[in-house]
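What follows is calculated from the coordinates using simple rules that are stated; it is not laboratory data. All of these numbers come straight from a predicted model, not from anything done at the bench. Note: ideal-geometry Cβ built from the backbone for every residue, glycine included; neighbour counts use all protein chains shown.
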Amino acid sequence: MIVPIDLWFRVHDLVETYGRFLDDDRLEAWVELFAEDCRYEIVSRENRDQNLPLSLMLCDNKDMLRDRIFSLREANIYNIHRDCHVIGLVRATREGAEPIQATAAYSLFQSNQEGDSRLFSVGRYELDLVDTDDGLRIQRQIVVVDTGAIPTLLATPI
Amino acid sequence: MTATLRGHDQATYTFPEADCSRIPYGLYRDAEIYALEQRLIFRGPVWNVLALEAEIPQPGDFRVVAVGDTPVIVNRAKDGSVHAMVNRCAHRGSTVQRALHGNCKVHTCCYHQWSFDLTGKLVGVPFQKGLNGAGGLPPDFDKAEHGLETVRVAILNGVIFGTFSEETEPLEAYLGPLFTHQIQRLFHKPIRVLGYQRQRIFGNWKLYTDNLRDPNHGGLLHMFQITFGIARLSGTGGAKMDADGKHNLSWAAQGGRSEAEAETPAGAGYGDTGRGDMKIKLRDPSMLRYFKEFPDDLTLAISSLFPGGALQQIGNTLAVRQIRTRSADEFDIVSTFFGYEDDDEALARHRLRKANLAGPAGLVSMEDGEAVELVHRAIVRDGDRHSVVEFGGRGPIKDQENLISDVPMRGFWLHYCKLMGVTPGAPQ
């Protein structure tokens, strides 16, 4: 069932914040958009369609998510770039006391230091959201990437 | 360019050292060299990794893969035998099988509905005799002469290899005992495919085969394991090759640290790079655990098989990689991750979590995409200048008992030169 408009607005606000935090390199703040008990996964359309369980990135608890970001900051070397998420209309539904389910298509563009932009990834977010004392949080997210052939490498989350 | 390719090749790009310790940049950028490689390397006397039998378990199952940049169908015929053929219609050159994978009785080209059986034979041509005596193919048209081009197949423990050349030696001789063993080791019992990862890198494919044969970069570029105190270059490891030096096994072993390493303070050898500090800890290191599953102590074993194949064991993360070239300036890495049919739930989950280390988003591998592109970009000009390959010493190729070496790169290039008809170190 489609959620009421006030709740839809809060979902929309969370999804907008999600993209903006990533684009502004506020990766630690982005992690805090997730619930304490959470799962974040990037899977290719190819694997999803064949019921194959392998992900491109899998954090099945919040510490793994924190470690990912920590590793990007401290250890990993990747293409110097800026992200631009263009997230489509959000659909949010809820059945009884179940988590709110939200989906949205996204496009993620990457630009290098000289301002060369490329479409890095296109796909869809599938989100389970929970209402906490701190507001709506992501309990479970699957990013289904249609762009299964990852251009160059995948460092910053999608 | 009016000079012949060979003339051009020899005049412009030189290997001044017979041991391939200098590699000309031009060989990574030249489109004509790339075209020559398709013929002399990928379609030359080599066994290319095609697929796994577990991907096509039933008669009629197929997958479309590539040898270099040539699209190839791998399928299982009615009698259970595995066949490979170029995915190009013998009629007008159209792509025959449009699906990436599936199951079929025949491969039918959608353009004019020519159909080919699972061994590549042409079995159906609509309106071959025309209609009411008009049109159609000439009466002497022989279907037997118009099958799909076949690729000779050999299988070792469920790993399917293919070759275009009649000259290629038997598979096990091509692999040699070490790499035959590495395949038997990883495929010692039935596997289950866990999924695929694809990565498109905007650089020359040989920059990646070089990367696979350069253990020295492991502890310098890939800092995840160093930063979090999991491994370092001074750990126990090395590189082993076959008799030609064309294949390479980069390995590291479990069992804590070697004596030499125990005496080496953390960060030693890193100079003032600011790297090598091992004081930072992960919040959840559980995915790093290694559940011993092979009789030996290897925790890292990457077998790079000439020309573009690789087998990967990173702890409990197992995969086969295939380089699919697209041009001199672009290639894909296609990885097929697998576990074993008898994995329990905990081990299956562990493999999936540990896959975070490998592939395009791999915590210990993502840097390779960047490194390849950094080199490819910078060597756009000056094709007559050279890469320096001297870690681990000059001269004859031999196995390395440490990781601070790029000798296996030279092994690859010596074999490459042999197949390309170039004599390294020869006066111009």
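Consider A:Phe70 carefully, then state whether it is closer than 30 Å to B:Phe338 by Cα, of a type in the set (Phe, Trp, Tyr), crowded, with 18+ Cβ neighbours inside 10 Å and at the interface with chain B (Cβ under 9 Å from one of its Cβ atoms). The answer is yes for A:Phe70. On inspection, B:Leu178 fails the criterion of being buried (at least 21 other Cβ atoms within 10 Å of the Cβ) and either in contact (Cβ under 8 Å) with a residue 60 or more places away in the chain or touching a Ser or Thr at 6+ places or on another chain (Cβ under 7 Å) (or both). Restricting A:Val15, A:Val86 to residues that are under 14 Å from the mean Cα position of the chain (by Cα), more than 10 Å from chain B (Cβ to nearest Cβ), surrounded by fewer than 16 Cβ atoms within 10 Å (Cβ to Cβ) and more than 29 Å from B:Leu288 (Cα to Cα) narrows the list to A:Val86. Within region B:316-354, which residues are away from chain A (no Cβ under 13 Å), buried (at least 21 other Cβ atoms within 10 Å of the Cβ) and either on the phi > 0 side of the Ramachandran plot or among the small types (Gly, Ala, Ser) (or both)? Within region B:316-354, just B:Ala328 meets the criteria.
When restricted to residues that are within 13 Å of chain B (Cβ to nearest Cβ) and exposed (fewer than 14 other Cβ atoms within 10 Å of the Cβ), region A:37-49 contains 1. Has region A:21-41 got any residue that is over 14 Å from the mean Cα position of the chain (by Cα) and closer than 30 Å to B:Ala348 by Cβ? Within region A:21-41 (the criterion being over 14 Å from the mean Cα position of the chain (by Cα) and closer than 30 Å to B:Ala348 by Cβ), the answer is yes, since at least one residue qualifies.
Among the candidates A:Leu52, A:Leu56, the residue that is within 11 Å of chain B (Cβ to nearest Cβ), surrounded by 15 or more Cβ atoms within 10 Å (Cβ to Cβ) and closer than 23 Å to B:Arg283 by Cα is uniquely A:Leu56. Somewhere in region A:98-110, is a residue of a type in the set (Phe, Trp, Tyr), in contact with a Leu (Cβ under 9 Å, 6 or more places away or on another chain) and within 14 Å of chain B (Cβ to nearest Cβ)? For region A:98-110, residues of a type in the set (Phe, Trp, Tyr), in contact with a Leu (Cβ under 9 Å, 6 or more places away or on another chain) and within 14 Å of chain B (Cβ to nearest Cβ): absent. Selection over region B:177-209 of residues that are outside any strand (DSSP E or B), closer than 21 Å to B:Leu156 by Cβ and of a type in the set (D, E, K, R) gives a count of 2. The residues in region B:360-376 that are at the interface with another protein chain (Cβ under 8 Å from one of its Cβ atoms) and over 17 Å from B:Gly219 (Cβ atoms) can be counted, and the count is 4.
Just need a number here: residues in region B:160-176 that are touching a Gly at 6+ places or on another chain (Cβ under 9 Å) and part of a strand (DSSP E or B). Qualifying residue count for the region: 2.
Applying the criterion of being facing chain B (nearest Cβ under 9 Å) and in a loop (DSSP other than H, G, I, E, B) to the residues of region A:139-156, the residue that is nearest to A:Ser117 (Cα to Cα) is A:Thr152. Of everything in region B:197-207 that's within 13 Å of another protein chain (Cβ to nearest Cβ) and either crowded, with 22+ Cβ neighbours inside 10 Å or touching a Pro at 6+ places or on another chain (Cβ under 7 Å) (or both), which residue is farthest from B:Ile41 (Cα to Cα)? Going through the qualifying residues, I end up with B:Gln197. Of all residue pairs spaced 6 or more apart or on separate chains, those with beta-carbon atoms under 8 Å, a first member in region B:49-69 that is assigned to a loop (DSSP other than H, G, I, E, B) and a second member that is acidic (Asp, Glu) and surrounded by fewer than 18 Cβ atoms within 10 Å (Cβ to Cβ) are B:Pro59/B:Asp79.
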